[in-house]
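The values are calculated or read from the model by the stated rules, or taken from the named source; none is laboratory data. Worth saying up front: this structure is predicted, and the values here are computed from it rather than measured. Virtual Cβ from ideal backbone geometry, glycine too; neighbours counted across all protein chains shown.
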Amino acid sequence: MARRGPYDFATAFAEKLLRDEFKVDKLPVNPITLAKSQGIRVVPMPKDHDGVSGMFIHAHGKSAIAYATHIESKGFQHFSVAHEIGHCYLPGHIDAILPDGATEHYSRSGFVSDDRYELEADHFAAGLLMPTRLFTRAMETAGDGLDAIEHLKTRCETSLTATAIRYQQLSREAVAIIQSHGNRIEFCFMSDRFISLKPGRWPRKGDAVPRRSVTHRLNADPDRVAQAERIADETHGIDWFGVFPDIELYEEVVGLGRYGRSLTVITTVDSLDDDDDDSGSDGPWEPRFG
């Protein structure tokens, strides 16, 4: 049974909105077009306005969205706009992010915030841009690992990080997704199949990147990260997860350009038999941020 996460409702809310209200049934989903169809003005922010992903504006009963342009990535910008649409539609968001008559809210999308409303909007954006039925259909011909994620990113016109997180959520394979900045982990997501391998610990925000990993090697040179260099090698499960079964793992890492982070994808070298999956857990699922 798939684990239920604390933000699954936001993903499901977005998928229902896309299907029932926006009447969209194919990829890619263009959030700018969707917002404009609902009378929401969408404008780019100046490039020197870095540090945020976007802005939600609500005044006199009308809404507007501004999205960051300091990172020149359509996928990043699409995710940012979809995140702001989440603030517009998710129950309780407008009152929470615009208290005491405020009219502007600056967002940090991309699963890096610890704020409940930012994370809800992130998961909403994932559901809006990568709805389960359409995304799993695209996964069937996407391949495996980082290659699959990059293929799906192009297909969905989404950011690599958001695509990777959605991929592990819906994958039947053992896959872990880790984002890091310098020598520190920012977050880790694991698929149900990976969790069934019973890793000894879950990498958390602020944990050190293992020194023997190719991720550590890449992150040691910020220029390589900025140039979106990609490297891969077999990795040691005990380095990343403490106690780990005697299963060979493969680590792929790619720099995320001007964003300054790197994205790591860890998979098993060989396919796992069904006997390897004995979790059967229906306990709460959640990413480890801190």
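The single condition from (1) out of contact with any Ser or Thr (no Cβ under 8 Å at 6 or more places or on another chain); (2) outside any loop (DSSP other than H, G, I, E, B); (3) more than 22 Å from TYR117 (Cβ to Cβ); (4) not hydroxyl-bearing (Ser, Thr, Tyr) that PHE13 fails is (3). Only a single criterion out of (1) modelled with pLDDT under 95; (2) not in a loop (DSSP other than H, G, I, E, B) is not satisfied by ASP223, namely (1).
Candidates GLU120, GLU150, GLU84: the one that is surrounded by 23 or more Cβ atoms within 10 Å (Cβ to Cβ), in contact with a strand residue (DSSP E or B) (Cβ under 9 Å, 6 or more places away or on another chain) and at pLDDT 95 or above is GLU84.
Taken over the stretch 136-167, the residue count meeting the criterion of being farther than 28 Å from THR33 by Cβ and in a helix (DSSP H, G or I) is 3. Once the stretch 30-65 is narrowed to residues that are loosely packed, with under 13 Cβ neighbours inside 10 Å and among the hydrophobic types (A, V, I, L, M, F, W, C), the residue that is modelled with the lowest pLDDT is ALA59. For the stretch 1-29, taking the residues that are acidic (Asp, Glu) and surrounded by 14 or more Cβ atoms within 10 Å (Cβ to Cβ), the one that is nearest to GLY61 (Cα to Cα) is identified as GLU15. Across the stretch 174-215, the qualifying residues are those that are farther than 25 Å from SER113 by Cβ and of a type in the set (A, V, I, L, M), and the one among them that is surrounded by the most Cβ atoms within 10 Å (Cβ to Cβ) is ALA174.
When the stretch 95-130 is filtered for residues that are more than 19 Å from GLN169 (Cβ to Cβ), of a type outside the set (Gly, Ala, Ser), out of contact with any Leu (no Cβ under 9 Å at 6 or more places or on another chain) and in contact (Cβ under 8 Å) with a residue 24 or more places away in the chain, the ones remaining, listed by number, are ILE97, LEU98, THR103, TYR106, ARG108, ASP114.
Residues that are surrounded by 14 or more Cβ atoms within 10 Å (Cβ to Cβ), part of a loop (DSSP other than H, G, I, E, B) and not small (Gly, Ala, Ser) within the stretch 226-244 comprise GLU229, HIS236, PHE244, listed in sequence order. Evaluate the following for ARG204: is it in a helix (DSSP H, G or I) and either of a type in the set (Val, Ile, Thr) or touching a residue at least 40 places away in the same chain (Cβ under 8 Å) (or both)? Answer is no for this residue. Residues in the stretch 268-289: is at least one modelled with pLDDT of 95 or more and not in a loop (DSSP other than H, G, I, E, B)? Looking for residues that are modelled with pLDDT of 95 or more and not in a loop (DSSP other than H, G, I, E, B), one finds at least one in the stretch 268-289, hence yes. No other residue among VAL43, VAL24 is in a strand (DSSP E or B) and without any contact (Cβ under 8 Å) to a residue 40 or more places away in the chain apart from VAL43. Consider VAL29 carefully, then state whether it is within 16 Å of HIS105 (Cα to Cα) and of a type in the set (Val, Ile, Thr). Criteria not met by VAL29.
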